[in-house]
């Protein structure tokens, strides 16, 4: 049992290294393949009555050690944990059923074998084009501000007030934190840059965060402007967020509600880089929608 757990952990670390070096660390081969392989190794080497439980324990140790030894961040582990447990648990149950069934148990094999094939196909998303889903996504947020249209446009041209608007909810769990916004005109060709904090310094004997401790930047350029809208395209992104999604454009629209109130809409378009889509798609939409709302709340009126 102990030997199997050690082998499973070692194989998981090795697969992580191989997938990272191959540029596939954001694909389903990582988030589905690794827990599936761990489950198979543990089930085939552990006592039959405890195989699933041991699989869960090995995955837990793997996740915790990834922060200490492999430089993973808290937020990365938090979002990876559910799918690791889900895939690991399901594969462990299926493999355990197969090993316990007799060679003549056709009904069990008819269910279990397709299930494992389905996991293998799911693990290819992001690597095999035929199983990779389009990641283009748009989210939006709206606010009605106590200001006229001219004041709202002027507010967009000033730096956003990150310091006076604490990150809410999930945004405060360990995502890269915006420190400063350069502000800038909404005329075509104008640029603005948002600076993000680096990772916190980690104590001795704990691996440095893979983000690094240096600041990073997200740069926008105004590519179109009308009397009631502006489109900003992302022209540079050195933030860790670029490994999860690729920002495309931000569309800002505004309209007068009355002489002292203005409705403002912000649409953020991006391409999801993480797979599988069924898992990371909803997560990224949820987080980016709240980011859009927070940006509107940060307008320096």
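Values in this text are rule-based calculations from the coordinates and carry no lab data. Small disclaimer: the values here were computed from a predicted structure and weren't measured. We place every Cβ from the backbone using ideal geometry, glycine too, and count neighbours over all the protein chains shown.
Placing a pseudo-label 7 Å from each Cα along the Cα-to-Cβ vector at residue 14 and residue 142 gives an inter-label distance of 5.5 nm. Rounded to the nearest 500, the helix-only mean residue ellipticity at 222 nm of the chain stands at -14000 deg cm²/dmol, with each DSSP H run of n ≥ 4 adding -39,500 (n - 2.57). With a ≥ b ≥ c the root eigenvalues of the C-alpha gyration tensor of the chain, is it rounded (a/c under 1.5), prolate (a/b larger than b/c) or oblate? Note, shape of the chain comes out prolate. The order of the peptides 55-68, 22-35 by mean Cβ neighbours within 10 Å, most packed first, is 22-35, 55-68.
Listed peptides 164-172, 141-149, 90-98 appear in the order 90-98, 141-149, 164-172 once ranked by packing, highest mean of other Cβ atoms within 10 Å at the front.
Which shape class applies to segment 136-297: rounded if a/c is under 1.5, otherwise prolate when a/b exceeds b/c and oblate if not, where a ≥ b ≥ c are the square roots of the Cα gyration tensor eigenvalues? Prolate, because a/c is 1.5 or more and a/b exceeds b/c. Does segment 2-131 come out rounded, prolate or oblate, given a ≥ b ≥ c as the square roots of the eigenvalues of its C-alpha gyration tensor, rounded meaning a/c under 1.5 and, failing that, prolate meaning a/b above b/c? Cα axes put segment 2-131 in the oblate bin.
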